[in-house]
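Q: Dumping the structure here so I can ask a few things about it.
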Amino acid sequence: MEYTLCIIKPDAISKGFTGKIIDECLKAGFTIHGIRKVGLTRDQARSFYKVHEHKPFFEPLIAFMTSGPSVALVLKKENAIEDFRALMGETDARKAQKGTLRQKYGEDNRKNAVHGSDSPENAKKEIAFFFANIDLI
Ligand code: GDP
Ligand code: MG
């Protein structure tokens, strides 16, 4: 079994899509191993997205991620990391494949409804970022 970190981002929360997105995760075979509502501070958002700190979209991304609450989930499934990236669709919601979470619930290349870890190493780090002491069993 593998674990991945999902974040339902502030745009999707404010549009009332939380339940629909969680339901789609369950229907796609993921189980919820951890879940919490979070209000990211600027420092937390900057730290979470540190890899992008020199990109032109960094400051708007931080403003967006701190604009309202998010929901962080640890999703569990075989091949969870790759399978959740596929369920999410590509970064720009306008280009995401039909039926993906970003195509259905996102808006553009920033307001794209969901985050998903992109590698086992990052999944481990990102899970620890939101869920201290969680058992991955
Ligand atoms: P992801 O792994 O598919 O989420 O994409 P990245 O790791 O490349 O980017 C992190 C987040 O930054 C994305 O999910 C978007 O919310 C935002 N983002 C990425 N690229 C752009 C961009 O070109 N413009 C803007 N405005 N936001 C972006
Ligand atoms: Mg990424």
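Q: How large is the helix-only mean residue ellipticity at 222 nm for the chain, computed as the sum of -39500 (n - 2.57) over DSSP H runs with n ≥ 4, divided by its residue count, in deg cm²/dmol to the nearest 500?
A: Theoretical 222 nm ellipticity from helices: -10500 deg cm²/dmol.
Q: Next question, about the same structure. What relative contact order, as a whole-number percentage, does segment 83-137 give when Cα pairs under 8 Å and 6 or more residues apart are counted?
A: 25
Q: Would you pull out the residues with amide H under 5 Å of GLU2's amide H, same chain only if 5 or more places away, H placed 1.01 Å from N?
A: LYS77, GLU78, ASN79, ALA80
Q: Could you tell me the largest-minus-smallest coordinate of the C-alpha atoms of the chain on each of the three principal axes, in descending order and whole angstroms?
A: 37, 35, 24
Q: Okay, next question. Can you give me the Kirkwood hydrodynamic radius for segment 24-91, using every pair of distinct Cα atoms, in Å to one decimal?
A: 13.6
Q: Could I ask something else about it? Can you find, among ALA63, ALA28, SER47, the residue sitting farthest towards the positive end of the charge dipole of the chain, where Lys and Arg contribute +1 and Asp and Glu -1 at Cβ?
A: Checking the options against the dipole of the chain, the answer is ALA63.
Q: If you don't mind, another one. Using a simple charge model, +1 on the beta-carbon of Lys and Arg, -1 on the beta-carbon of Asp and Glu, nothing else, what dipole does the chain show about its Cα centre, in debye to the nearest 20?
A: Its charge dipole is roughly 380 debye.
Q: A further question follows. Taking K and R as +1 and D and E as -1, what net charge do the other residues with C-beta under 13 Å from the C-beta of VAL51 add up to?
A: Local net charge: 0.
Q: Between PHE30 and residues 5 or more places away or on another chain, which pairs have amide H atoms under 5 Å apart, with H built 1.01 Å from N, and which residues are they?
A: Residues meeting the amide H criterion: none.
Q: Let me ask something else about it. Go ahead and collect, in residue order, the members of segment 44-58 whose backbone nitrogen is under 20 Å from a label point 7 Å along the Cα-Cβ direction of ARG94.
A: 56-58
Q: Another question, then. Could you pull out the trypsin sites (Lys or Arg not before Pro) across segment 1-110 that fall in loop regions by DSSP (anything but H, G, I, E, B) with no more than 14 other Cβ atoms inside 10 Å?
A: LYS15, ARG94, LYS95, LYS98
Q: Counting other C-beta atoms within 10 Å, and keeping those with at most 14, which DSSP coil chymotrypsin sites (Phe, Trp or Tyr not before Pro) do you find in segment 29-98?
A: Those that pass, being in a loop and sparsely packed, are PHE57.
Q: Rounded to the nearest 20 Debye, what is the dipole magnitude of segment 34-73 about its Cα centre when Lys and Arg each give +1 and Asp and Glu each give -1 at the C-beta?
A: For this selection, approximately 120 debye.
Each value in this text was obtained by applying a stated rule to the coordinates, not by laboratory testing. Predicted model only: the values in this text are computed from it and were never measured. Virtual Cβ from ideal backbone geometry, glycine too; neighbours counted across all protein chains shown.
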